[in-house]
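Asks: Let me begin by handing over the structure; questions about it come next.
The values are calculated or read from the model by the stated rules, or taken from the named source; none is laboratory data. Values in this document were obtained by computation on a predicted structure and should not be read as measured data. Note that we place each Cβ from the backbone using ideal geometry, even for glycine, and neighbour counts take in every protein chain shown. The protein model used for the area step is the full one, side chains on, heavy atoms only, and it has no ligands, DNA or RNA in it. Shrake-Rupley method; radii C 1.70, N 1.55, O 1.52, S 1.80 Å.
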Amino acid sequence: MTSSIRVELLVLRKRMATWILLGVWVILATIFAYIVPYMLNRSGATPQETELIRQLMPDRFAGNVSSGFPFYGGAFAIMLGVLAIGSDYTWGTLKTLFTQGPGRLRIFASKIIAIAITLIPFVLVPFIIGATSSAIVASLEGNAMSWPSIATIGQAILSSWVIMLAWAAFGVALAALTRGTSLAIGVGILYTLALEGLLSALAGSVNLLEPLVKIFVRTNAYSLIEPLGAMNAGSAGDGPGRFTGPFVSTTQALIMLGVYVVVFVGISAVALRRRDVG
Amino acid sequence: MHGLNAIETHNLTKRFADGTLGVNDLSLQVRHGEVYGFLGPNGSGKTTTLRMLLGLAMPSNGNATVLGATPGSTESLARIGAMIETPAFYPYLSGRDNLRVLAGHAGVDERRIAEVLTTVDLASRGSDRFQTYSLGMKQRLGVAAALLKDPELLILDEPTNGLDPAGMAEMRDLIRTLGQEGRTVLLSSHLMGEIEQVCDRVGVIRRGQLVAEGTIDELRDRDRLLVRAEPIEQARRLIASVAGVEDVTVVRGEIHVDGDPAAASEIARVLVQANVRLYEFRVERASLEDIFLALTREEEIAA
């Protein structure tokens, strides 16, 4: 199994698309979590602007960075999941792999583990750049450097990884069901933007939608990082990543995201195991 | 070794989701240590059969055993090297890295990679990306991948596709050598020369059905009835209705009839009784190429 995981990591590591996704995600995360909020609010003319600048300080960086994962980061995780599995259909490499002998499920498991490992830099790099950015903002504003505890940072990193894993598993399932990449990415983005995004926005005014919205990936993802103070900066503005509730408990959020990972991976495994490979 | 046969299929059938019958009631046996040619026109069901033998496609009916195990099982795949259709590899990885990926999954020592790259004469291009390879090089990498596990059984689907004449000759030599080493080889092809030069026994498939099987000599010795008659379509239909007739094809105004030689007298009786004008009625010894061409032409006529 170890050798299978090692070679699947090679497949992901040597693929340019993986690095492009990581690069674009890190740039977007930095722009929307630090550069844009700082440029818009640096005058501190109103109490709201002052508060938004406060969100960019080192003591709140863990929450601020993690606020980008439920939506923006999720979109990149979906794409990574889709590409990691869907391309094997597109290129026909699945049939080459499946004739090697270890069994379809073992190959699939090694791919899932490789995706989970590949998501680590997708989480760590934004946190490292976020910490650096917050230090720069603090210097520019002449504020003292006060950092969150290691436990808080660890919780933020782990929560963000769980969120990314849930979205990547969603991408894997879409790729396995559609046996390709294009449709899977289209459906994935459409789902996150149109279905979860619009219904979440409507949930405030249509009470009937609230129970449904509470099981959404986005709701549980935002709820998982909400205790970190993540909901004040990155997700409070206008835009597709905006989320103002409803929230569920952290425990429920963690369980739900875990269930999503299991369900999406399970669906994919069944599809890969049972269906003919072209 | 499990029994006499490396591969056995019994009434193997594959019906696709759209209802198309890809393989129909196919029963064949490939013996241990032989090079078996699986011959048939394009679209006749060769690749679908091979995919079922590798567990890539599930049969709709019938069953098969490969090296004594269920097709697609870990037990059988560990001892099989295969190349199905166009070789499929990661385009951005080098040939060597692609083999590394397969070796990792198969649990094969990476030192074997250099050996198989040398065997297929790709050692000097092993570090180049797969997407930069010519069709012939891709094909050779596919064969290298098939050899990676040092398999007992090789399943090769049209391995000379895209190769130039020299490359085809080298590939045939390689397959012959592999056969001489005692490996079982199931070689699918629509190229007569390839099959005739390399294979011990041949199975001819058409529209998913095995229409002939035997050694090259046995197939050459098959007698075929040749009929010229008018009206030709009526004659064809009458002949096709006679018991023992397996195959009727119309080629350049002649009716070629394959089947039980004993059916000849009944065919003559039926045609005369129906007042069909009979110009020629003779038995000819068909070559392997004749058999294949007849099948191919009929496919073309049907299309």
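Asks: Among the residues of the range B:98-151, write down those that are among the acidic types (Asp, Glu) and under 27 Å from the mean Cα position of the chain (by Cα).
Replies: Selection gives B:121, B:150.
Asks: Condition first: assigned to a loop (DSSP other than H, G, I, E, B) and more than 8 Å from every other protein chain (Cβ to nearest Cβ). Now tell me which residues in the range A:58-117 satisfy that.
Replies: Passing the criteria: A:67, A:68.
Asks: Name the residue, out of B:97, B:109, B:128, that is in contact with a helix residue (DSSP H, G or I) (Cβ under 7 Å, 6 or more places away or on another chain), within 12 Å of chain A (Cβ to nearest Cβ) and among the charged types (D, E, K, R).
Replies: B:97
Asks: Condition (residue is acidic (Asp, Glu), within 20 Å of residue B:95 (Cα to Cα) and not assigned by TED's automatic domain parsing to the domain that holds residue B:44) applied to the range B:123-145: is it met by at least one residue?
Replies: Yes, the range B:123-145 has at least one match.
Asks: Among the residues of the range B:89-132 satisfying the criterion of being farther than 24 Å from residue B:178 by Cα and in contact with a Gly (Cβ under 7 Å, 6 or more places away or on another chain), which is surrounded by the most Cβ atoms within 10 Å (Cβ to Cβ)?
Replies: For the range B:89-132, the residue satisfying everything is B:130.
Asks: Any idea how many residues of the range B:56-82 are open to solvent by less than 10 Å² (accessible area, probe 1.4 Å) and in contact with a Pro (Cβ under 6 Å, 6 or more places away or on another chain)?
Replies: 2
Asks: Is it the case that residue B:173 is assigned to a loop (DSSP other than H, G, I, E, B) and open to solvent by 70 Å² or more (accessible area, probe 1.4 Å)?
Replies: Spelling it out, it is not the case that residue B:173 is assigned to a loop (DSSP other than H, G, I, E, B) and open to solvent by 70 Å² or more (accessible area, probe 1.4 Å).
Asks: Which residues, counting only those in the range A:199-216, are part of a helix (DSSP H, G or I) and either in contact (Cβ under 8 Å) with a residue 12 or more places away in the chain or closer than 14 Å to residue A:243 by Cα (or both)?
Replies: The answer is A:199, A:200, A:201, A:202, A:210, A:212, A:213.
Asks: With the checklist (1) open to solvent by 20 Å² or more (accessible area, probe 1.4 Å); (2) assigned to a loop (DSSP other than H, G, I, E, B) in hand, flag the one item residue B:41 doesn't pass.
Replies: (1)
Asks: Next up: Before we move on, is residue B:85 surrounded by fewer than 20 Cβ atoms within 10 Å (Cβ to Cβ) and over 29 Å from residue B:192 (Cα atoms)?
Replies: no
Asks: Is there any pair linking a residue in the range A:256-270 that is open to solvent by 30 Å² or more (accessible area, probe 1.4 Å) to one that is outside any helix (DSSP H, G or I), with Cβ under 8 Å and at least six apart or on different chains, and which?
Replies: A:256/A:215; A:256/A:248
Asks: How many residues does the range B:179-194 hold that are open to solvent by less than 10 Å² (accessible area, probe 1.4 Å) and at pLDDT 80 or above?
Replies: So the answer is 6.
Asks: Can you name the residue in the range B:179-214 that is in a loop (DSSP other than H, G, I, E, B) and in contact (Cβ under 8 Å) with a residue 60 or more places away in the chain and is also farthest from the chain's Cα centre (by Cα) among such residues?
Replies: Applying the filter and picking the extreme gives B:182.
Asks: Now a separate question. I need a count of the residues in the range B:217-262 that are assigned to a loop (DSSP other than H, G, I, E, B) and among the β-branched types (Val, Ile, Thr).
Replies: Here the count works out to 1.
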